[in-house]
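Trainee: Could you have a look at this structure, given as structure tokens, before my questions?
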Amino acid sequence: MPRYCDFCNSDRSDLLVAQKDIIHRCAPQDREFYLRKCRDCGLIYLDVDKDEDLKCFYPKDYEFYSDRNLYLYKLRYAISRAVSTPYLNLLFALVPFSGGIFHKLLQPKKKDYVKTIKPGKFLDVGCGSGLNTHFFGYRSSIYSLKKRGFEVIGVEPSPEVTKITQKYGLKVLPSIFELEERDFDCIRMNWSLEHAASPAEYFKVFKKLLKRGGRLIIAVPNYDGILYRIFPDCVEVPVHTYYFTPKTLEAYFKKYNFKIIDRYSFSYPDMFILASHALKQGNFIRLTSMQTIFFQSLLNKFDAQMLGNDMVYLVENA
Ligand SMILES: [Zn+2]
């Protein structure tokens, strides 16, 4: 039976990638998964039966499901803040060969859009344990936002986190579709929309839950990024069900009447090393720290063209 495209309902598609679960190794290793690209709108999706339960293919030990690291999260955040201060950069510049300019090149430009949101009703879809966030650290977690006066609700399908979220007094539901509250000022999906069974269903719910003028923050891997151009079959199947590009994600924003306020993409050399390991290709395995610095500075140039490995959007409910 043909699968219909989530965005445009077309049943015409081409096979793009056939791959096994090489990243988490939770699915049987003889099972291949298929990515298809819609011929009409270009959306790339995992071709599985809509009713197939993919939960059993998730690793049980995601870092984001744990609370034993709360102090570590805080410490890590404090260090990353400290090293990004101009004073420390000056210090780096004064020490020969540690290089102030190189130090700057080491970090891709990332903006945490949550900093632009005033305390209000905040929904975090895919919040994990609620104590840390992918790339943005402890400070952006719903636990930290709650302490700073936000009214927070999380959504996390993994039952592993329930004990932790209860311990920290966080309200976390297993599904966004069970939510009764309305009038949110902000909804965030940090690296979770690519796991959805149907992005369209999420966009319909966003329209219901968000205030007019409310903000939506979405971060997803960018299948248009340099990483996937070099390693197109380095795909996180079957846990990632959609492989967005700026074009296909922005098409959803347009269809559901969200106005783009800001966007950026970013990359880390580590991702290329992990990809070459997962695919058992040795090209990127060994990089000296100097090579890493120059590789990062090269990647930063692509990031500015929206060709980074990950992309982040801040949009408004128009
Ligand atoms: Zn389509």
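The values are calculated or read from the model by the stated rules, or taken from the named source; none is laboratory data. Please read all numbers here as calculations on a predicted model, not as lab measurements. All Cβ positions, even for glycine, are placed from backbone atoms using ideal geometry, and neighbour counts span all protein chains on display.
Trainee: Here is a check on your reading of the model: is Glu180 over 19 Å from the mean Cα position of the chain (by Cα), farther than 18 Å from Pro119 by Cβ and not in a helix (DSSP H, G or I)?
Mentor: Details: over 19 Å from the mean Cα position of the chain (by Cα): yes; farther than 18 Å from Pro119 by Cβ: yes; not in a helix (DSSP H, G or I): yes.
Criteria met by Glu180.
Trainee: When you go through Gly154, Gly120 one by one, which is the residue that is more than 24 Å from Pro221 (Cα to Cα) and modelled with pLDDT of 95 or more? Can you show your working first?
Mentor: Numbers: Gly154 fails: more than 24 Å from Pro221 (Cα to Cα).
One residue alone meets the criteria, Gly120.
Trainee: Residues Met311, Met306: which one is part of a loop (DSSP other than H, G, I, E, B), modelled with pLDDT of 95 or more and touching a strand residue (DSSP E or B) at 6+ places or on another chain (Cβ under 7 Å)?
Mentor: Numbers: Met311 fails: part of a loop (DSSP other than H, G, I, E, B).
Exactly one of Met311, Met306 is part of a loop (DSSP other than H, G, I, E, B), modelled with pLDDT of 95 or more and touching a strand residue (DSSP E or B) at 6+ places or on another chain (Cβ under 7 Å), namely Met306.
Trainee: Here's something else I'd like to know. Filtering region 1-51 down to residues that are of a type in the set (Gly, Ala, Ser) and either within 19 Å of Phe231 (Cα to Cα) or modelled with pLDDT of 95 or more (or both), which residue is nearest to the ligand (Cβ to nearest atom)? Give the derivation first.
Mentor: Our first condition is that a residue be of a type in the set (Gly, Ala, Ser); within region 1-51, this holds for 10, 13, 18, 27, 42.
Okay, now just the ones that are also either within 19 Å of Phe231 (Cα to Cα) or modelled with pLDDT of 95 or more (or both), so 10, 13, 18, 42.
On the way: Ser10: 5, Ser13: 8, Ala18: 20, Gly42: 7 Å.
Top of the filtered list is Ser10.
Trainee: Moving on to the next point. Would you check which residues across region 164-204 are charged (D, E, K, R) and in contact (Cβ under 8 Å) with a residue 24 or more places away in the chain and list them? Please lay out each step first, then the result.
Mentor: Of all residues in region 164-204, those charged (D, E, K, R) come to 167, 171, 178, 180-183, 185, 188, 194, 201, 204.
Selection gives Lys167, Glu181, Arg182, Asp183, Asp185, Arg188, Glu194, Glu201, Lys204.
Trainee: Residues being farther than 23 Å from Phe266 by Cα, out of contact with any strand residue (DSSP E or B) (no Cβ under 7 Å at 6 or more places or on another chain) and surrounded by 20 or more Cβ atoms within 10 Å (Cβ to Cβ): count how many of those fall in region 134-155. Step through it out loud before you land on a result.
Mentor: Taking region 134-155 first, the residues farther than 23 Å from Phe266 by Cα are 142-155.
So of that shortlist, the ones also out of contact with any strand residue (DSSP E or B) (no Cβ under 7 Å at 6 or more places or on another chain) come out as 143-144, 147-149.
Going one step further and asking which of them are surrounded by 20 or more Cβ atoms within 10 Å (Cβ to Cβ), we end up with 143-144.
Residues in region 134-155 being farther than 23 Å from Phe266 by Cα, out of contact with any strand residue (DSSP E or B) (no Cβ under 7 Å at 6 or more places or on another chain) and surrounded by 20 or more Cβ atoms within 10 Å (Cβ to Cβ): 2 in total.
Trainee: Please go through region 301-318 and give me each residue that is surrounded by fewer than 18 Cβ atoms within 10 Å (Cβ to Cβ) and either without any contact (Cβ under 8 Å) to a residue 60 or more places away in the chain or on the phi < 0 side of the Ramachandran plot (or both), ordered by number.
Mentor: The answer is Lys301, Ala304, Gln305, Glu316, Ala318.
Trainee: Is there a residue being among the aliphatic types (A, V, I, L, M), buried (at least 18 other Cβ atoms within 10 Å of the Cβ) and in contact with a strand residue (DSSP E or B) (Cβ under 9 Å, 6 or more places away or on another chain) anywhere in region 258-267? If you could, list the steps in order and put the result at the bottom.
Mentor: Quick first cut of region 258-267, residues among the aliphatic types (A, V, I, L, M) only: 260-261.
Subset that is buried (at least 18 other Cβ atoms within 10 Å of the Cβ): none.
No: zero hits.
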